[in-house]
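The values are calculated or read from the model by the stated rules, or taken from the named source; none is laboratory data. All values derive from a computational prediction rather than experimental measurement. Quick reminder, even Gly has a Cβ in these numbers, built from the backbone with ideal geometry, and neighbours come from all protein chains shown.
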Amino acid sequence: MLRRHRQIKMQIQQLLDACLFAASFWSAWLLRANPDVMSFFSLAPVSPFEAYFWLYLILIPASPLILEAQGFYDRPLLAPRRVVVWPLFKGCLVATIGLIMVLFFFRLELARSVAVLFGIISFLLVLLKEELLRVGLRSKFARAQMQRRFILVGTEEETKRMRQELKARPDDGMRVLAELNLNNKSAGELASLLHEHSVNGVILNARQNSFEQVENAINICELEGVEVWLVADFFKTQISRASFDDFQGRPVMVFSTTPEASWQSVVKQLIDFTGALLAVILLALPFILIALLIKLSSRGPILFRQQRCGLNGHPFTIYKFRTMEMDAEERKEELAAMNEMSGPVFKMKNDPRITAVGRWLRKFSIDEFPQLFNVLQGDMSLVGPRPLPVDEVKRFDDVAHRRRLSVKPGLTCLWQISGRNEVSDFRDWVRLDLEYIDNWSLWLDIKILWRTVPIVLMGTGAR
């Protein structure tokens, strides 16, 4: 796992732990101030919580720093319990002793039992968080979302050593799907492996390969939008941003054409999940009514399912409300001559296969609403390039067009809000997608979502 990924995960853990320590202090005071507890143990009343609010604010950032000093975060997420419990115990003990010392030196009239209860409750809450996290990470859903697929490129000795290092840290979720020796095979064969395995990245060890071979391999991944971890000196690239990192303690240059991991990307994932969940809850009743309308108006299933290319071309099943007749796929070939979009994509304004209800659903993009479940499953984002059918991606005549697959597909994108009815050249569509990828920011996502709302309400963005 790269250092920046480890840092982001550690910062998320620290934020959660800070919140839990804050909740522990408040719970300890609340328990001690409970009239029944004071009456049962014949305890004196305690001061109002507001009197210790400044101490509370100091405790929140200090607690995760104490845990970090005890080595609590220098471990895999699924480390053995003994590796978790002992540093946590020491951290909570130090925090409790520190709190008692602050109370003593500043002569604060806070019951010492509050500090002891704080230590016990914080230990139990953080330990509970770790156990819930352990259960969640071991679930089939979490393993599928966290797993990253890689191709190892290098000599037989280099790839063997790298594979052994990855096996030693199975919790990183890195899976090797293929290996390639550039000394025995050409770099061109790497493109076939990328298409075959839909990998998230390539780990390239260039120690015993010629610069020309390594450069060719990087350029292939660059056109595909696949991240390269080069365990060597860097090469100049046209699109990718090169960043220095370390992998298993070894220096690595990362060539990436996509936004690198940051707090913005974490917030984007949070917005995706919460936004999709809220939308599904709010639209539950309309979903049922639309489903009945589709079922009663035409023969066939309510939902249309199709294999689409997701992140790095990995196929997934997309969900849409069915808007066409049952024989739509069979009739597609006879309508090919009427395609209004250049390139591999089929678009037709007055498609005779669309049902009467389907035409209305498409006008207001209501047929896309079930893709909220794709967002919840982690296959899509609220904002990103629209996912294309697998067979259309296979017909790309320019390998550079595959770079639009380097980020998660979305419900809406720049193409959606840029007058897509007027876009008839697939190259313009790709240009807008790559413009989004190259200039991505959280603010850009918010602007696209904001501009999508009136387009959907007025029915001007789809056909």
Considering only the range 30-115, give the helices (runs of 4 or more DSSP H) lying wholly within it that have at least 1 residues that are touching a residue at least 24 places away in the same chain (Cβ under 8 Å). 53-69, 81-105
Going through the range 172-200 in order, the residues found to be in contact with a Leu (Cβ under 6 Å, 6 or more places away or on another chain), of a type in the set (D, E, K, R) and in contact (Cβ under 8 Å) with a residue 60 or more places away in the chain are none
Restricted to the range 140-180, and to residues that are more than 12 Å from Leu204 (Cβ to Cβ) and among the small types (Gly, Ala, Ser), which residue is modelled with the highest pLDDT? Ala178
Any chance the range 87-105 includes a residue that's in contact with a helix residue (DSSP H, G or I) (Cβ under 6 Å, 6 or more places away or on another chain), in the same structural domain as Ala23 (by TED's automatic domain parsing) and modelled with pLDDT under 80? no
Restricting attention to the range 96-153, report how many residues are more than 30 Å from the chain's Cα centre (by Cα) and of a type in the set (A, V, I, L, M). 15
What single numbered condition from (1) under 18 Å from Pro385 (Cα atoms); (2) over 28 Å from the mean Cα position of the chain (by Cα); (3) outside any loop (DSSP other than H, G, I, E, B) fails to hold for Gly358? (1)
Could you tell me whether any residue of the range 9-20 is modelled with pLDDT under 75 and either small (Gly, Ala, Ser) or surrounded by 13 or more Cβ atoms within 10 Å (Cβ to Cβ) (or both)? no
One residue is enough: does the range 302-316 have a residue meeting the conditions loosely packed, with under 14 Cβ neighbours inside 10 Å and either small (Gly, Ala, Ser) or in contact with a Gly (Cβ under 8 Å, 6 or more places away or on another chain) (or both)? no
Conditions (1) closer than 17 Å to Leu124 by Cα; (2) among the charged types (D, E, K, R); (3) surrounded by 14 or more Cβ atoms within 10 Å (Cβ to Cβ) -> Glu68 fails only (1)
Within the range 87-95, is there a residue that is loosely packed, with under 14 Cβ neighbours inside 10 Å and not acidic (Asp, Glu)? no
Any hit, the range 148-167, residues being outside the structural domain of Ser406 (by TED's automatic domain parsing), in a helix (DSSP H, G or I) and hydrophobic (A, V, I, L, M, F, W, C): yes
Please go through the range 274-324 and pick out each residue that is of a type in the set (S, T, N, Q) and farther than 30 Å from Arg6 by Cα. Ser297, Ser298, Gln306, Gln307, Thr317, Thr323
Restricting the search to the range 246-300, which residues are of a type in the set (D, E, K, R) and buried (at least 16 other Cβ atoms within 10 Å of the Cβ)? Lys268, Asp272
Checking Leu182 against (1) outside the structural domain of Ala62 (by TED's automatic domain parsing); (2) assigned to a helix (DSSP H, G or I); (3) surrounded by 13 or more Cβ atoms within 10 Å (Cβ to Cβ), which single condition isn't satisfied? (2)
Every residue from the range 181-210 that is among the aliphatic types (A, V, I, L, M) and modelled with pLDDT of 85 or more: Leu190, Ala191, Leu193, Leu194, Val199, Val202, Ile203, Leu204
